[in-house]
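Single-structure report; data block below.
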Amino acid sequence: MLYTIQKTNQKRIIMEKLTVSALAALVLLATGCVSTKESSMKAYRLKEITYQIQSPQIARVVEQTEQRSLLKKGQKYDQNKLAKERERIAKLVRQKGFNDFDKKSITFLVDTTVAHREFTIQTVIEGN
């Protein structure tokens, strides 16, 4: 089962299916139709962060520490922050008992089609 945790108007919503836009983003990334060149992204500001997490236990760990995320609404796109956030989440999950958890299980789907000069990040975490 795949869980989605999405923060909307300070409420948490949990859904059981990938959204159409998430599937479209996965297809575009898989086929290489999307460019993620950082130079063209620097003028973009983060509008929203959502999570798609397979394991409910890992989802709880991530949700409990979301306030410590390095990714904040309004900040400019920064590839280094994405890498550091991937490391932070992986370390946190391993500390909570998922010793074999690999940072390669974390994928960031960046969507710039939401608004002018804004982007969203969907953090996808696979594994149990």
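A short reminder: the numbers here are calculations on the coordinates, not readings from a lab. All of these numbers come straight from a predicted model, not from anything done at the bench. Please note: Cβ atoms are built from the backbone with ideal geometry, for glycine as well, and neighbour counts cover all protein chains shown.
Pull out the extension gain between K96 and N128, defined as 0.36 nm times the separation in residues minus the alpha carbon to alpha carbon distance; nm, one decimal.
That works out to 10.3 nm of additional length.
Please give, to one decimal in nm, the separation of the simple spin-label points placed at E87 and Q57, each 7 Å out from Cα toward the Cβ.
Placing both labels 7 Å along Cα→Cβ, they lie 2.6 nm apart.
Please compute the modelled spin-label separation between V114 and T65, points set 7 Å along Cα→Cβ, answer in nm with one decimal.
2.3
Using a Förster radius of 25 Å, what is the FRET efficiency between E48 and K104 based on their Cβ-Cβ separation? Nearest 0.05, please.
0.55
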